[in-house]
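Undergrad: Handing you a structure now.
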Amino acid sequence: MNERPPQRTLSRPADAESVALLARATRLLTPIAPLEDQITRLLDRLCGVLGADAAVVRELQGSKMPLVACSGVDEHSLAPVLQAHAGLPARILATRRPLVVADCMADPRIERITRPPDGHGSFSFVSYAGVPMIVAGEVVGILATYATRHPRDYSEADLNLLRSVGDAIGMALAHRGLLREIVARDRQLQSIATERSLLEKRLVAEVLHDELTGLPTRPLLLEHIEHAIAKARTHEDFRFTLAVMRPGRHPVIVDTMGPRAGDDLILAMRERLEAVVPEDAIMARIGPDQFALLLESPAMGAEVEQAIEWARGAFVRPFDIQGRSMCLPLHIGIVRSTIADGSPDELVQKAEAAQHRALRESGSAWILYRPEMHHAERELIEMQADIRRGMEAREFFLYYQPIVSSTTLRIAGFEVLLRWNHPVRGLLEPDDFLCMAESAGYVRELGATVLKLACLQTAAWLDTYSLPEDFFVSVNVSPLQMSAPEFERQILDIIAETGVPPKRMKLEITESAVLTEVERTRAALDLLARRGIGLCIDDFGKGFSSLGRLHQLPFSSLKIDRSFVGAVGHDESAAKIVAAIASLAGNLGLSVIAEGIESPTQAGFVADLGIQYLQGFFFSRPVTPERAEQLLVDFDCSLHPT
């Protein structure tokens, strides 16, 4: 019997079978089938890789340890063996170490607890290897393999593989409730995706007419408005009016009485409006509770305003909805062709802006559009123009947040964070402008600016100080940047232009950015990795992505999402998740950055897990380049200008 000290690092070369087995083990985190079935299949693969005849997983539940899954032996034959040889798992639990019995029949020291008794069944074994399954420092069960025909020994590499697979199974068992929730959510998303596919097919055929009311929808209304605008430009005596109408309390009715009641109200509205508006008016349903009227008139006479009043008057009588009588106001926004500059969609937006203003009035009301009502839309357009001007005026700059080595407590690198020195609004963070930049198509250009500034600053520091060989600067890359053609070429060109060594730069990429267009993404990232650029999975854990899938990409590190790290110290589940991610990442050879550290307790916890890099307000908030340079010296007193 050999008792081996636990080692968490896979020491043997990662052959194809072992890597595939570990990838399969990590996929237990996001199961697509019952967990027990997946563990059984995993044990089948494990027996094949190790040359074992049988394998067993047992879960520790108080003083009992029931069987979870087995391979190579049925549960009926196994039960008496487990009862007869309870001393083996008991020793593993007591020592928290692996236990190997190379030849149980030839070892007199353990005969009393391992030699199969007569009549216990058809299953007997001659060799045994068992490891504790440990999650966040706690033993949650045992993984054991058996040789039933020929004695065999287990190498250190075999035990390391057993440990890694056991820890993955243990984490899946420890978080079974979360995993079941993920399965349920996955099924729900699949159901939604199926429904959406069917809906899209139906909309292709019915896109121009509303399914409930049979009225034209927004696309068809926009076509009619386009024709009206063209006619108004060529016929001086032609005028038109667009009215957008919305009843009050419709969302409340849906919430309290159900969608059917909401549909009944919409149908009743259509019936009343059709009864009072002119026959040549075009009525459309452009939203869940929004109707639009396009009224054409040779000379914009009083009949148009009369039609609007009739529409409002149609709401004076109470509506009978599922036996309940209720009076509802009607809010109407109106825009006339005299200010119909712009596209049809812009005209609808103006009418909607007036309708939003009418919502502030008590009771039914109609409001004519005035330019000042469009302040919010104008503000968006102005902000996008400011972004364009700000890029040209070089108003965007970088802050730097230190990333600290957990072993030396010196700065190992920085993450760069974008800031905007707006001439009127002051210092802005990405949350204040990034969405507007995306909608305007500026994110790719902004991303290139960020990378160039980061490379220039890194090159300047390298020229000034004798920084460690592994010093790096991390730059965030958005999914929109990665979707651009020749994304990788742009990265390499900027690095070459600035003269910074590629190994000094690291790209932080979110899980969602790499799990679409996998083949193209893999080719781009492979090229960047071959050139020496570090690749880091950013915000890991938010998307429930599988390490088994991500390990196919050339990442060298991952950053645990701040929501998990920040909860350490007051959320036990978060601490276990951090520990599990760190363990799995280590098995796949990925270094780990813990982001969001705000206390010494959190720093000590993640450091004790062997996580290599620490980041958060506990060490420093994001700072200017000048302050970052001073922090380099403050954290390393031996660092001086060259």
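No value in this document is a laboratory result; all are computed from the given coordinates. Predicted model, so just to flag it, every value in this text is computed and none were measured. In this analysis, Cβ positions are derived from the backbone assuming ideal geometry, glycine residues included, and neighbour counts consider all displayed protein chains.
Undergrad: So if we plug the beta-carbon distance of MET105 and GLU138 into 1/(1 + (r/R0)^6) with R0 = 35 Å, what FRET efficiency do we get, rounded to 0.05?
TA: Working: r = 34 Å, r/R0 = 0.98.
For R0 = 35 Å, the calculated efficiency reads 0.55.
Undergrad: Now a separate question. Under a cut-off of 16 Å between alpha-carbon atoms, report the aspartates and glutamates in cross-link reach of LYS350, not counting same-chain residues fewer than 8 places apart.
TA: By straight Cα distance, LYS350 reaches GLU226, ASP341, GLU372, GLU377, GLU379.
Undergrad: Continuing with the same structure: Which order, highest average first, do 239-247, 164-172, 423-431 follow once you tally other Cβ atoms within 10 Å for each residue and take the mean per peptide?
TA: Details: 239-247: 24.1, 164-172: 26.9, 423-431: 11.2.
In decreasing order of mean packing, 239-247, 164-172, 423-431 become 164-172, 239-247, 423-431.
Undergrad: Sequence neighbours fewer than 8 away in the same chain don't count; with that in mind, list the aspartates and glutamates whose C-alpha is under 12 Å from LYS559.
TA: Leaving aside aspartates and glutamates fewer than 8 places away in the same chain, those within reach of LYS559 are GLU415, GLU508, GLU511, ASP538, ASP539, GLU595.
Undergrad: What FRET efficiency do you get for LEU212 and ARG489 if R0 is 56 Å and r is their Cβ-Cβ distance, rounded to the nearest 0.05? Numbers along the way, then the final one.
TA: Values: r = 50 Å, r/R0 = 0.89.
Result of the calculation: an efficiency of 0.65.
Undergrad: Quick one: length gained pulling PHE617 to LEU199 fully straight, 0.36 nm per residue minus the C-alpha distance? Working shown, then result.
TA: Details: separation 418, 0.36 × 418 = 150.48 nm, distance 4.71 nm.
Value of the extension gain: 145.8 nm.
Undergrad: Sort 494-507, 556-569 for me by packing, meaning the mean count of neighbouring Cβ atoms within 10 Å per residue, highest on top.
TA: Working: 494-507: 18.3, 556-569: 21.3.
In decreasing order of mean packing, 494-507, 556-569 become 556-569, 494-507.
Undergrad: How much length, in nm to one decimal, is gained on full extension between SER556 and GLN190, taken as 0.36 nm per residue of separation minus their Cα-Cα distance? Can you show the working numbers first?
TA: Details: separation 366, 0.36 × 366 = 131.76 nm, distance 3.19 nm.
So the extension gain works out to 128.6 nm.
Undergrad: Full extension from ASP470 to GLU181: what is 0.36 nm times the residue separation minus their Cα-Cα distance, to one decimal in nm? Numbers along the way, then the final one.
TA: On the way: separation 289, 0.36 × 289 = 104.04 nm, distance 4.05 nm.
Result for the pair: 100.0 nm of gain on full extension.
Undergrad: For the ranges 208-221, 61-74, 575-588, 446-459, what's the packing order if you count other beta-carbon atoms within 10 Å of each residue, average per peptide, and put the highest first?
TA: Order by mean packing, descending: 575-588, 446-459, 208-221, 61-74.
Undergrad: For segment 375-510, what Kirkwood radius comes out of the mean inverse Cα-Cα distance, in Å?
TA: Averaging 1/r across every pair of different Cα atoms and inverting gives 16.1 Å.
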